[in-house]
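Q: Pasting a structure here, questions to come.
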Amino acid sequence: HKGRKVMLSFYRSAACPFCNYAIYQLKGRYKKLAWASNLDVIAVFQSTTEKIDNFILNSRDTTEAEFPFVLLSDPELITYSEYEVSEKFLGNIAGMLRTPRGSPECKKYIRTFVRTHGIDKEALGNILPSDFLIDENGIIADCFRAKGIDEHI
């Protein structure tokens, strides 16, 4: 992605219903976002590639080649550590408590996701989402660090 702007987004787990909803929203906006700002998107998950395939790709009936942006697996949390992505138990709880006040679309998506997939223990972690906007020179131009699991840029 050298010479291009990048949005590097860190998610909890591919099995997390909140993360799946954020991916669903981003995928829907991706063409406009990428075209308007000449931006590449990279989504990083703490999940294995198998879980990314199962929860992100297969559940959307698509392949990695067809998906509009890059999905990366980092189960050892190496990149999370390099970008100082935080873990907070209270952020996990705060996001869950805000869900009932979320949009009807979000609530419906999360209910359907949980009914379809159940709750995977990996989705219960305390990693908080983070988004980094990186310029064409590889410099972080802006970052967003969530205070709850239900937040993204």
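Q: Which lysines, if any, have their Cα less than 29 Å from the Cα of Lys147, not counting same-chain residues under 8 positions apart?
A: Filter leaves Lys5, Lys27, Lys31, Lys32, Lys51, Lys88, Lys107, Lys108, Lys121.
Q: Grab the other residues whose beta carbon is less than 12 angstrom from that of Arg4, score K and R as +1, D and E as -1, and report the net.
A: The answer is -1.
Q: Expressed as a whole percentage, what fraction of the accessible surface of the chain belongs to carbon and sulfur atoms when a 1.4 Å probe is rolled over the protein heavy atoms?
A: Taking all protein chains in place, the chain shows 56 percent carbon and sulfur surface.
Q: Over 27 Å, how big is the tail of the calculated P(r) for the chain, in percent of all Cα pairs?
A: Beyond 27 Å sits 18 percent of the P(r) for the chain.
Q: Quick one: angle between helix 17-37 and the longest Cα principal axis of the chain, in degrees between 0 and 90, rounded to 10, please.
A: 30 degrees
Q: Okay, moving on. Please calculate how many Å² of accessible area the chain carries per residue, with a 1.4 Å probe and no DNA, RNA or ligand atoms counted.
A: For the chain, the solvent-accessible area averages 57 Å² per residue.
Q: With a sphere of radius 14 Å drawn around the Cβ of Leu133, what net charge do the other residues whose Cβ falls strictly inside it have (Lys, Arg +1; Asp, Glu -1)?
A: Result for the neighbourhood of Leu133: -2.
Q: Right, next: At 7 Å along the Cα-to-beta-carbon direction for both Ala34 and Thr49, put a label point, then send me their distance in nm to one decimal.
A: Each label point lies 7 Å from its Cα, and together they span 2.0 nm.
Q: Please report the accessible area of Lys27 (heavy atoms, 1.4 Å probe, ligands and nucleic acids excluded) in Å², nearest 10.
A: About 80 Å², rounded to the nearest 10.
Q: Nearest 20 debye, what's the magnitude of the dipole of the chain about its Cα centre given +1 on Lys and Arg Cβ and -1 on Asp and Glu Cβ?
A: 780 debye
Q: For the chain, what proportion of DSSP beta bridges, expressed in % and rounded to the nearest 5, is antiparallel?
A: The answer is about 50 percent antiparallel.
Q: When only Cα pairs under 8 Å and 6 or more residues apart are kept, what is the percent relative contact order across the chain?
A: 35 percent
Q: Also, quick follow-up: Please sort 127-139, 7-19, 108-120, 39-51 by packing, taking for each peptide the average over its residues of neighbouring beta carbons within 10 angstrom, highest first.
A: Ranked from most to least packed, the peptides come out as 7-19, 39-51, 127-139, 108-120.
The values are calculated or read from the model by the stated rules, or taken from the named source; none is laboratory data. Being a predicted model, the structure only gives us computed values, none of them experimental. A quick note on method: Cβ atoms are made from the backbone with ideal geometry, for glycine too, and the neighbour counts reach across all protein chains shown. We work out accessible area using only protein heavy atoms, side chains counted, and drop any ligands, DNA or RNA first. Shrake-Rupley method; radii C 1.70, N 1.55, O 1.52, S 1.80 Å.
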